[in-house]
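The values are calculated or read from the model by the stated rules, or taken from the named source; none is laboratory data. Please read all numbers here as calculations on a predicted model, not as lab measurements. Neighbour counts run over all protein chains shown; Cβ positions are idealised from the backbone, glycine included. Accessible surface areas use protein heavy atoms only, side chains included; no ligands, DNA or RNA. Shrake-Rupley method; radii C 1.70, N 1.55, O 1.52, S 1.80 Å.
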Amino acid sequence: MFIVALKNIICLTALIFISPILVVSGLFIVLEDGMPILFTQERVGLHKKLFTIYKIRTMKKNAPQVGTDKINNIYHLKVGSILRKLKLDEFPQLINVLIGDLNLVGPRPGLKNQDELLKSRSNKNIFSTKPGITGLAQILGYDMSDPKLLAEIDALYIKNQTVRLDTIILFGTFFNFPRKYLATQFKIHKLQNN
């Protein structure tokens, strides 16, 4: 109960703190590409249940509905590139945490049309864990382009998940210093060579 209350306090505080930046970002999005400001998309969550994820829109309205690793740069908004680099586009997902769809840390939720990723994650029982805004694979630079490797790293996270590890991953989302430590700690660089 304490962890849930703490998580909710962190989410509400972060949303309040970041809201002025989100308002200004929204203004730039509207000026560059019109409404809407928020991007919503169905993602696969706990026990393969679909949910709607909320993000600040960083791509043009006509961008294809595929993983970001498959989208051409012509679809990126100018302001969107800055928002993605600073990870500001992820902050509306704190609403998903408050609703209960996401944790702060966990495997990143994939799209329902990413069949190979769904299969790889099913084989590793990843859907038994609630997905997160940030995760081990994400902070180490792995995306949905290698579904089997991503599922292996997700499984490694789940096997070793602790409050301490989640805290390190949260810091690694914004700062570089924890990333090398985690890659070394879990020998992630060796997974790529297998």
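So for region 181-190 (the condition being farther than 22 Å from K49 by Cβ, open to solvent by less than 40 Å² (accessible area, probe 1.4 Å), in a helix (DSSP H, G or I) and touching a Ser or Thr at 6+ places or on another chain (Cβ under 8 Å)), does at least one residue qualify?
no
Being under 17 Å from T40 (Cβ atoms) and at pLDDT 95 or above narrows it down to one of N96, N123, N113, so name that one.
The unique qualifying residue is N96.
So which of T129, T173 is of a type in the set (V, I, T) and open to solvent by 30 Å² or more (accessible area, probe 1.4 Å)?
When all the criteria are applied, what remains is T129.
Would you mind listing the strands (runs of 3 or more DSSP E) fully within region 25-114 where at least 3 residues are over 21 Å from I158 (Cβ atoms) and in contact with a Gly (Cβ under 6 Å, 6 or more places away or on another chain)? It would help to see each step written out before you state the result.
Working: elements: 38-44, 50-56, 103-105.
Correct list: empty, since no element meets the threshold.
If I filter region 150-157 for residues that are open to solvent by less than 30 Å² (accessible area, probe 1.4 Å), of a type in the set (D, E, K, R) and farther than 24 Å from M59 by Cβ, do I get at least one hit?
Yes, that holds for at least one residue.
Quick check on my filter: what residues within region 37-83 are touching a residue at least 24 places away in the same chain (Cβ under 8 Å) and more than 25 Å from P107 (Cβ to Cβ)?
Answer for region 37-83, where residues must be touching a residue at least 24 places away in the same chain (Cβ under 8 Å) and more than 25 Å from P107 (Cβ to Cβ): K60, K61, L77, K78, V79.
Please find, within region 96-113, the residue that is nearest to T162 (Cα to Cα) out of those that are touching a residue at least 60 places away in the same chain (Cβ under 8 Å) and buried (at least 16 other Cβ atoms within 10 Å of the Cβ). Explain how you work it out, then say what you get.
Just the residues of region 96-113 that are touching a residue at least 60 places away in the same chain (Cβ under 8 Å), to begin with: 97-98, 103-105, 109-112.
Still in the list and also buried (at least 16 other Cβ atoms within 10 Å of the Cβ): 97, 103-105, 109-111.
Numbers: V97: 18, N103: 13, L104: 13, V105: 10, P109: 19, G110: 23, L111: 26 Å.
Going through the qualifying residues, I end up with V105.
Say whether the condition of being aromatic (F, W, Y) and over 25 Å from L22 (Cβ atoms) is met by at least one residue in region 147-162.
yes
Given the residues L50, L6, L12, L27, which is the only one that is open to solvent by 60 Å² or more (accessible area, probe 1.4 Å) and modelled with pLDDT under 90?
L6
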